[in-house]
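Input: a single structure, listed below in structure tokens.
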Amino acid sequence: MNAAELAVVVCCECGQVAFPPPVLCPACGARNWASEPAGPGIAEQLTELRRVAGAGLEQPVRLAAVRLRRGPALVARAAPGVEAGGTVRVGVDPDDGALVAEVAP
Ligand SMILES: [Zn+2]
């Protein structure tokens, strides 16, 4: 996959790391954010989606709950080979904008 690495934002005042970017820093109330690479995380749990409301799925989609080492948690599509407890890198699929967790090299 040629996914660009996910970016998180870091508060310029106190260093709080957030994803998705909030308007105000939840720690200090500042509004100034710097964008930085998300870095690796752990795939804490995986689940398989077989259907969604209002539409069928041609094939099941595996989802991973990922906790980034820098703090934020997110849900991403799990690439083949991702297992619970494994280290992953999170990217953004250029085709559909979805977050994708891949096995970290
Ligand atoms: Zn802050």
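The values are calculated or read from the model by the stated rules, or taken from the named source; none is laboratory data. Because the structure is predicted, anything quoted here is derived from the model rather than measured. As a convention, Cβ positions derive from the backbone with ideal geometry for all residues, glycine included, and neighbour counts pool all protein chains shown.
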Subset of the range 49-67 [over 19 Å from residue 97 (Cα atoms) and modelled with pLDDT of 95 or more]: 67
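Within the range 56-70, is there a residue that is within 16 Å of the ligand (Cβ to nearest atom), surrounded by 13 or more Cβ atoms within 10 Å (Cβ to Cβ) and of a type outside the set (Gly, Ala, Ser)?
Taking every residue of the range 56-70 in turn, at least one turns out to be within 16 Å of the ligand (Cβ to nearest atom), surrounded by 13 or more Cβ atoms within 10 Å (Cβ to Cβ) and of a type outside the set (Gly, Ala, Ser).
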Candidates 74, 57, 63 - the one that is assigned to a strand (DSSP E or B) and touching a Phe, Trp or Tyr at 6+ places or on another chain (Cβ under 8 Å): 74
Qualifying residue in the range 63-71 (condition: without any contact (Cβ under 8 Å) to a residue 24 or more places away in the chain and under 10 Å from the mean Cα position of the chain (by Cα)): yes
Members of the range 1-15 that are without any contact (Cβ under 8 Å) to a residue 40 or more places away in the chain and either among the acidic types (Asp, Glu) or within 12 Å of the ligand (Cβ to nearest atom) (or both): 9, 10, 11, 12, 13, 14, 15
Residue in the range 18-49 that is surrounded by the most Cβ atoms within 10 Å (Cβ to Cβ), counting only those that are assigned to a strand (DSSP E or B) and within 10 Å of the ligand (Cβ to nearest atom): 33
Answer residue from the range 73-94, given it is farther than 17 Å from residue 48 by Cβ and aliphatic (A, V, I, L, M) and is surrounded by the most Cβ atoms within 10 Å (Cβ to Cβ) among those: 90
